[in-house]
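K.L.:
Below: one structure in C-alpha cells.
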Amino acid sequence: GIHVILSLFTVEDGKFKVFLIKRKNEPFKDKWILIGGACYNNEDCDTAMKRELYEKTGIKDINYKFYNVFSDPYRSPVCRMIAVVYIGVIDKTRVQFLKETAKTQNADWFDIDNVDKLGGLGYDHDLILKDAIEYLRKNIFDTNILKDLFPKYFTLPEIHKAYESILKKQIDRRNFRKRLLQQNIIKDSGKMENVKGKKPSKLYEFV
C-alpha cells in the first residue's frame, strides 16, 4: 500500500512549529504523528494528501510540495506501506483546524524543539520530520516555499526573523536582503508601511 504524509510547518512569534495529530486507533494509539494516511486505489497521491489533510485537520488549500519517498519494508507494523512525503508551510493565523476527528483525538502546533518531549512519534514519523526539516533548511534560499507564511506584502525584519527561526542561527541582515533579491525570491513592492511614530519601512513581496 501507499501512505501519504505531510509535514506542515509554521512560524509563530519567531518559533518554528510543526502540526501534529494524535491517533485514536491502533497501531500507535495515543501517539502523536504527522498528518497522513493511506492512498485509496482510485486516487493519485496529491489527491490523497489533500483529502487526508482535510479529513484529519479540516484544513484545505495549502501550498505543498512532494519531496521524498520512505520505503523501509517494516515502517508500518500492519502491512507493507510505502510513504510518499510532502512538505507544506502556512500562516497559522489564517487557518482553523479540528481538534478531533473520526481517527484523531487531538491536534496542535508544536515548537520543533519540544517534539522530543512527546516520547517519540508513531510509525517512522520522527525520521520523516527530521528529513522534512533538513529539506526545508536546504531549500529555503532557493525556492519561495515560505510564501504562504506571509501576507502579500511584508517588511524585511518580518521575513528575516522567520528565516532565522527555521535555520536556528543568526543571519546578517544586509547579506540576507541581498541574497533574497539576487536569487529572485523577493522583490521591492514599491510600497511603504507607515506605522505612527516610526520611520516608514519598505514593503517586499515574493516574486
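K.L.:
Taking the condition out of contact with any strand residue (DSSP E or B) (no Cβ under 8 Å at 6 or more places or on another chain), surrounded by 14 or more Cβ atoms within 10 Å (Cβ to Cβ), modelled with pLDDT of 95 or more and closer than 30 Å to Phe150 by Cβ, does Lys50 pass?
P.N.:
So Lys50 passes the test.
K.L.:
Just need a number here: residues in the range 160-195 that are in a strand (DSSP E or B), surrounded by fewer than 14 Cβ atoms within 10 Å (Cβ to Cβ) and hydrophobic (A, V, I, L, M, F, W, C).
P.N.:
1
K.L.:
Test Leu149 against the stated conditions and say whether it is aliphatic (A, V, I, L, M), modelled with pLDDT of 95 or more and surrounded by 11 or more Cβ atoms within 10 Å (Cβ to Cβ).
P.N.:
no
K.L.:
Right, next: Given the conditions (1) open to solvent by 60 Å² or more (accessible area, probe 1.4 Å); (2) outside any loop (DSSP other than H, G, I, E, B); (3) over 22 Å from Ile140 (Cα atoms), and given that Val4 satisfies all but one, which numbered condition is not satisfied?
P.N.:
Failed condition: (1).
K.L.:
Tally time: how many residues in the range 63-91 are within 26 Å of Lys15 (Cα to Cα) and surrounded by fewer than 18 Cβ atoms within 10 Å (Cβ to Cβ)?
P.N.:
Summing the residues that are within 26 Å of Lys15 (Cα to Cα) and surrounded by fewer than 18 Cβ atoms within 10 Å (Cβ to Cβ) in the range 63-91 gives 6.
K.L.:
Additional query: Sort out which residues of the range 196-207 are more than 18 Å from Lys147 (Cα to Cα), assigned to a loop (DSSP other than H, G, I, E, B) and either open to solvent by less than 70 Å² (accessible area, probe 1.4 Å) or of a type outside the set (Gly, Ala, Ser) (or both), and write them in order of number.
P.N.:
Lys196, Lys198, Lys199, Pro200
K.L.:
Pairs under 7 Å by beta carbon, first residue at pLDDT below 95 in the range 16-29, partner not basic (Lys, Arg), six or more apart or different chains?
P.N.:
Within 7 Å, the pairs are Pro27/Pro77; Pro27/Val78.
K.L.:
Something else now. Could you tell me whether Lys65 is within 25 Å of Lys138 (Cβ to Cβ) and at pLDDT below 95?
P.N.:
Taking the combined requirement at face value, the residue satisfies it.
K.L.:
Before we move on, is Glu43 acidic (Asp, Glu), farther than 17 Å from Leu121 by Cα, open to solvent by less than 40 Å² (accessible area, probe 1.4 Å) and modelled with pLDDT of 95 or more? Spell out the reasoning first.
P.N.:
On the way: acidic (Asp, Glu): yes; farther than 17 Å from Leu121 by Cα: yes; open to solvent by less than 40 Å² (accessible area, probe 1.4 Å): yes; modelled with pLDDT of 95 or more: yes.
Yes.
The values are calculated or read from the model by the stated rules, or taken from the named source; none is laboratory data. Keep in mind that this is a model prediction, so the values were computed, not measured. Here the Cβ is made from the backbone with ideal geometry for all residues, glycine too, and neighbour counts use every protein chain on show. In case anyone asks, the SASA skips ligands and DNA or RNA and just uses the protein heavy atoms, side chains included. Shrake-Rupley method; radii C 1.70, N 1.55, O 1.52, S 1.80 Å.
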